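Just below is one structure, and these are the notes that go with it.
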Amino acid sequence: MKSSLLDSLFDEEERRPLTVSELNEQVKKALERGFSSVWLEGEITNFMAANSGHWYFNLHDGFSQLKAACYIRNNLRIRFKPFDGLQVRVRGKLSVYEPKGEYQILVESLEPVGEGALKVAFEQIKAKLAKEGLFDEELKRPLPYFPKRVGVVTSPNGAAFHDILNVLGRRTKTVHITLIPTRVQGETAGEEIEKAIKFANKLNETSDEKIDVLIVGRGGGSSEDLWAFNEERVARAIRNSKIPVISAVGHEIDFTIADFVADRRAATPSAAAEIVAENEENIEAFIYQRTQELFQLVNYKILQSRNALQELTYSSVFYEFPNKIKDWGYEVEDFRDRMETAFSDKLRRGEKKLESLNARLSPIKLASKVAENQTRLALLKQRQTSAIKDIIDGLDERLKIKMASLDALSPLSVLKRGYSITQNEKGEILHNIEQINVEENVQIRLANGKLKAKILEVISDR
C-alpha cells in the first residue's frame with residue numbers, strides 16, 4: 001500500500017497538469033456532445049457582419065447574454081439581415097472558441113419572433129433596391145406596340161403558362177410564344193429565374209426571331225411559395241434585361257419585388273397575356289366597327305332613296321304622267337345600283353388602305369427599318385472614328401514639330417555646338433567680368449558634364 005502511494009507521488013504522467021488549450025478542447029467536446037442542438041430566444045445586440053461574410057452578435061434576455069456566431073454557409077440560407085434590437089429564435093449547438101476560452105452558440109437557423117422572417121426580408125430588400133433607384137419610373141421601358149414573339153419565364157407544368165397560352169390563343173393571331181422553363185419555388189428557384197432571364201437576352205443576340213417582351217411570373221401561392229420573385233438577384237436580372245419585362249406573380253393582392261422593378265406589373269399571368277394582345281385586338285375591333293358603320297350608312301342611303309321614290313309615286317301631281325314616273329323609277333334604280341357600286345368600291349379601297357397600313361406597321365418591317373438605321377449609325381460611327389484619327393494624327397504631327405523647335409532652342413542644344421555656361425559660387429550665370437573676382441570658384445557646364453575652376457586673372461576687352 002505504502003509502495004503504491006509512494007509510486008503515485010513520483011508518477012510524472014499522473015501529476016502532469018493540463019495546458020489551457022487541452023482544457024478548452026475537452027470543454028468544447030463536452031459542450032458539443034451535450035448541447036448539439038438547442039433552441040434559444042433573445043434580443044440581438046452588438047450585431048456585426050464581418051468582411052468574411054460571417055455574422056457575430058450577442059443574444060440577451062435582460063439578465064444574461066451569450067455570444068453567437070453564424071457562419072456564411074448558414075447565413076446564406078437566412079432570408080433577411082438581422083439587426084440590433086430584433087427578437088429572434090435561433091437553433092444551433094454550443095461550442096467553445098478555444099483561443100479565448102469563450103463558449104458560444106453556433107447558429108444554424110434564425111427567425112424573428114413576433115414578425116415573419118419573409119416580411120422582414122421583403123422590407124429590407126425593397127428599401128435597399130429603392131435607395132439604389134431600381135424602382136425609378138424613368139428606368140421603365142415602354143412595351144412594344146405589336147409584339148410578334150413573347151418569352152414566358154415560368155414553370156411549364158404550372159397553371160400560369162396554360163392561362164397565358166389560352167388568352168393569347170383566343171385574343172391574337174400573330175403572337176408567337178417562347179417558353180423559358182424554370183422552377184418558380186424552392187431554394188434554387190431564384191437562381192434559375194435569374195438564369196432564365198439572362199438566357200432570353202442571350203437568345204436575342206444570336207437568334208433572328210427576337211423576343212419582343214418577357215412575361216416573368218407564376219400562379220398564386222403562399223408568401224413562402226412566391227419568395228423567389230422577392231430575391232435581389234431576380235430583381236437585378238429584370239432591371240438589367242434588354243427585353244422589356246412584365247411581372248405577373250400570384251393574384252391581384254400579391255405584390256413582390258419583381259412587380260416594383262419590372263417595366264409593367266400585371267395582376268395575374270392571364271392579365272399579362274391580355275396586355276400583350278391588347279393593341280392587336282383593339283385594331284381588329286376598330287376595323288370591324290368602321291366596316292359596320294359603312295354598311296349601315298349605305299343601307300340608310302338606299303332606304304332614304306326608296307322612301308323618296310315612294311312618296312313621289314303616290315303624289316297626285318304625277319297621276320297624269322305615269323310613264324314619266326316609271327322612267328324616273330328606272331333612273332332611281334340605276335342610281336341605286338351605281339351608288340351601291342361606288343360605296344363597294346370605296347369600301348374595298350378603304351380595306352386596301354387598312355391592309356397597307358397594317359403591313360407598314362408590321363413588326364417585321366419596323367425591325368427592318370431599325371436595322372437599316374443601325375447600319376447608318378454604324379457607318380456614321382466609322383466616319384466619326386476616322387475623322388477623330390485624322391485630327392489626332394494632325395495634332396501629333398504638330399506636336400512633333402513643336403518639340404523639334406523646342407529642342408533646337410534648348411540651352412543643351414547650344415552647348416552641344418561648343419558653347420558653355422559659367423556660374424559663380426552663388427549659382428548665377430556670368431554675363432560679364434564685373435560679376436567675378438580673382439581667386440573665386442566657378443562652375444562651367446558643357447554639353448556632357450561640368451567643370452570646377454578658379455579665376456586666376458580677369459582680362460577686359462576694353
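The values are calculated or read from the model by the stated rules, or taken from the named source; none is laboratory data. Treat the numbers as computed from the prediction; the structure is a model and nothing was measured. A quick note on method: Cβ atoms are made from the backbone with ideal geometry, for glycine too, and the neighbour counts reach across all protein chains shown.
Checking the structure you have, find out if any residue of region 102-118 is under 28 Å from the mean Cα position of the chain (by Cα) and either under 28 Å from residue 228 (Cα atoms) or not in a helix (DSSP H, G or I) (or both).
yes
If you check every pair at least six apart or on different chains, which have Cβ atoms under 6 Å apart with a residue in region 260-280 that is at negative phi first and a residue that is of a type in the set (S, T, N, Q) second?
Note: pairs meeting the criteria are 262/247; 265/247; 277/172; 280/172.
Quick check on region 193-252: of everything there that is in a helix (DSSP H, G or I) and among the acidic types (Asp, Glu), which residue is nearest to residue 180 (Cα to Cα)?
The first filter runs over region 193-252 and keeps only residues in a helix (DSSP H, G or I), leaving 193-206, 227-230, 232-240.
Add one more test, that the residue is among the acidic types (Asp, Glu), and what stays is 194, 205, 232.
Details: 194: 11, 205: 16, 232: 20 Å.
Out of the qualifying residues, it is 194.
Please verify whether residue 183 is of a type in the set (Lys, Arg), assigned to a loop (DSSP other than H, G, I, E, B) and closer than 19 Å to residue 259 by Cβ, treating the condition exactly as stated.
Considered against the rule, which asks whether it is of a type in the set (Lys, Arg), assigned to a loop (DSSP other than H, G, I, E, B) and closer than 19 Å to residue 259 by Cβ, residue 183 comes out as no.
Matching residues to (1) in contact with a strand residue (DSSP E or B) (Cβ under 7 Å, 6 or more places away or on another chain); (2) free of Cβ contacts under 8 Å to residues at least 40 places away in the same chain; (3) under 20 Å from residue 186 (Cβ atoms):
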| site | (1), (2), (3) |
| --- | --- |
| 199 | yes, yes, yes |
| 206 | no, yes, no |
| 210 | yes, no, no |
| 213 | yes, no, no |
| 222 | no, yes, yes |
| 225 | no, no, yes |
| 239 | no, no, no |
| 245 | yes, no, no |
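Go through (1) of a type outside the set (S, T, N, Q); (2) without any contact (Cβ under 8 Å) to a residue 60 or more places away in the chain; (3) touching a strand residue (DSSP E or B) at 6+ places or on another chain (Cβ under 9 Å) and name the single condition residue 63 misses.
Status for residue 63: all satisfied but (3).
With 45, 19 as the choices, which residue is in the same structural domain as residue 109 (by TED's automatic domain parsing), modelled with pLDDT of 80 or more and surrounded by fewer than 12 Cβ atoms within 10 Å (Cβ to Cβ)?
Every option except 19 fails the conditions.
Here are the criteria: (1) more than 26 Å from residue 172 (Cβ to Cβ); (2) at pLDDT below 80. Tell me which single one residue 375 does not satisfy.
Tallying (1) more than 26 Å from residue 172 (Cβ to Cβ); (2) at pLDDT below 80, residue 375 fails exactly one: (2).
Condition check ((1) of a type outside the set (Phe, Trp, Tyr); (2) part of a loop (DSSP other than H, G, I, E, B); (3) over 30 Å from residue 278 (Cβ atoms)) across all residues:
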{"site": "92", "(1), (2), (3)": "yes, no, yes"}
{"site": "122", "(1), (2), (3)": "no, no, yes"}
{"site": "128", "(1), (2), (3)": "yes, no, yes"}
{"site": "138", "(1), (2), (3)": "yes, no, no"}
{"site": "146", "(1), (2), (3)": "no, yes, no"}
{"site": "150", "(1), (2), (3)": "yes, no, no"}
{"site": "169", "(1), (2), (3)": "yes, no, no"}
{"site": "174", "(1), (2), (3)": "yes, yes, no"}
{"site": "187", "(1), (2), (3)": "yes, yes, yes"}
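Please go through (1) in contact with a Lys or Arg (Cβ under 7 Å, 6 or more places away or on another chain); (2) assigned to a helix (DSSP H, G or I); (3) surrounded by 19 or more Cβ atoms within 10 Å (Cβ to Cβ) for residue 96 and return the number of the only condition it doesn't satisfy.
Residue 96 satisfies every listed condition except (2).
Name the residues in region 174-203 that are over 15 Å from residue 152 (Cβ atoms), more than 16 Å from the chain's Cα centre (by Cα) and buried (at least 18 other Cβ atoms within 10 Å of the Cβ), would you?
Of everything in region 174-203, those that are over 15 Å from residue 152 (Cβ atoms), more than 16 Å from the chain's Cα centre (by Cα) and buried (at least 18 other Cβ atoms within 10 Å of the Cβ) turn out to be 185, 189.
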